[in-house]
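The structure under discussion appears below in the form of structure tokens.
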Amino acid sequence: MYKDLEVVPLFERLKDSDLRLISSQMTCQRYKRHEFVIRQGKGNHNFYIIKKGKVKISSPQEQGQDIIFAFLQDGDFFGEMSILDHDSCSADAECMQKCDIFSIRTDKFRKMLREIPGLSFRLLSSMSQRLRFTNHCIENLNCRSSLRRVSMVINQIAMMCGYRSKKSVIIEKIPFQQEIASLAGTTRETVSRKLSYLEKQGYIKKSGHRLVIPDYTRFYEDLCL
């Protein structure tokens, strides 16, 4: 099982002995589409890593419209707040397709954070990046311009998942339009129109799930400031 952990960004560059230690404390469970792994307001005692699949992190609202925080996929983790406190879950984690998910009890993972050099720093760094992304998404919902909201979501995805190549930023696997729409607080049809506009104006180039921002500085200064 420890070989599966080599592709998890959180565990990059860890020694084989550390990966074996982590995997020895993990279990793997298969979840159905639309099955909840954790629920907002309920207790949780596990740290989760997605082996395969896609999970939506959201907060249900009384008005019926969920606030979407993130769509997580292979190699991503969730349930990290249970490591820091014993409070109830602050969001739902719902499987958007059939998922295979690793879990490890938080008390055991806390012990590993103390024993494995650098792991706690990687976790805090990832949590900080995710919190920044969530804050930007929430702030983005207050913007009236749907073009700006869609552009800001693309920018945040680029910051988290993209890589630089000279003036460009490349995102190898852009989320589906419906997922971008949920993060931007708009409709899939609006996202489709805005992506077409951005492509016509030369801000992006899209081929399948690959999206390239040819001139990131121009994109950011024109659409995100």
Rounded to the nearest 10 degrees, what's the angle between the helix 106-115 long axis and the longest principal axis of the chain, both from Cα atoms, 0 to 90?
-> 90
Can you give the three extents of the C-alpha atoms in the stretch 1-128 along their principal axes, from longest to shortest, in whole Å?
-> 48, 29, 21
Could you state how much accessible area residue 21 has, in square angstrom rounded to the nearest 10, with a 1.4 Å probe and all protein chains kept in place?
-> 60
Which FRET efficiency value, to the nearest 0.05, do you get for residue 66 and residue 17 by plugging their Cβ-Cβ distance into 1/(1 + (r/R0)^6) with R0 = 35 Å?
-> 0.25
Using alpha carbons only, how many degrees (0 to 90, rounded to 10) separate the axis of helix 146-161 from the longest principal axis of the chain?
-> 40
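Counting Lys and Arg as +1 and Asp and Glu as -1, each charge on the Cβ, what is the dipole of the chain about the Cα centre in debye, to the nearest 20?
On the way: 37 positive and 26 negative charges, 116 e Å.
Roughly 560 debye, rounded to the nearest 20.
Per residue, how many Å² of accessible area does the chain show with a 1.4 Å probe? Walk me through the intermediate numbers first.
On the way: 12630 Å² over 225 residues.
About 56 Å² of surface per residue is accessible.
Would you work out what percent of the accessible area of the stretch 12-96, with all protein chains in place, is carbon or sulfur (probe 1.4 Å)?
On the way: 2140 of 4850 Å².
Ligands and nucleic acids excluded, carbon and sulfur reach 44 percent.
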What is the magnitude of the charge dipole of the stretch 1-90 about its Cα centre, with +1 placed on the Cβ of each Lys and Arg, -1 on the Cβ of each Asp and Glu, and no other charges, expressed in debye to the nearest 20?
-> 440
The FRET efficiency for residue 207 and residue 160, from their Cβ-Cβ distance with R0 = 22 Å and rounded to 0.05, is 0.60
With all protein chains in place and a 1.4 Å probe, residue 71 shows an accessible area in Å² (nearest 10) of 40
Which residue, chosen from 157, 180, 202, occupies the Cα position most advanced towards the positive end of the dipole of the stretch 66-225, where the dipole is computed from +1 (Lys, Arg) and -1 (Asp, Glu) charges on Cβ about the Cα centre?
-> 202
Taking amide H positions as placed in the peptide plane 1.01 Å from N, state which residues far from residue 44 in sequence (5 or more) or on other chains have amide H under 5 Å from it.
-> 89
Which whole-percent values make up P(r) of the stretch 141-203 when all C-alpha to C-alpha distances are grouped in 5 Å steps starting at zero?
-> 4, 18, 28, 27, 16, 6, 1
When the distances between all Cα atoms of the stretch 67-127 are binned every 5 Å from zero, what whole-number percent does each bin get?
-> 3, 13, 24, 27, 20, 10, 3, 0
Mind checking the alpha-carbon convex hull of the chain and giving the volume per residue in Å³?
-> 134
Ignoring everything but the protein chains, give the 1.4 Å probe accessible area of residue 151 in square angstrom, nearest 10.
-> 0
Would you mind checking the tilt of helix 188-200 against the longest principal axis of the Cα atoms of the chain, expressed as 0 to 90 degrees and rounded to 10?
-> 60
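Fully extended, how many nm does the chain gain between residue 187 and residue 39 (0.36 nm per residue separation, minus their Cα-Cα distance)? All intermediate terms of the calculation are to be shown ahead of the outcome.
Values: separation 148, 0.36 × 148 = 53.28 nm, distance 2.54 nm.
Working it through step by step, the gained length comes to 50.7 nm.
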Ordering 186, 217 by the accessible surface of their heavy atoms, 1.4 Å probe, largest first, yields 217, 186
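The values are calculated or read from the model by the stated rules, or taken from the named source; none is laboratory data. The shown structure was predicted, so the numbers you read here are calculated from the model rather than taken from an experiment. Neighbour counts are summed over all protein chains in view; Cβ atoms, including those assigned to glycine, are modelled from backbone coordinates with ideal geometry. The accessibility values were calculated without ligands, DNA or RNA, using every heavy atom of the protein model including side chains. Shrake-Rupley method; radii C 1.70, N 1.55, O 1.52, S 1.80 Å.
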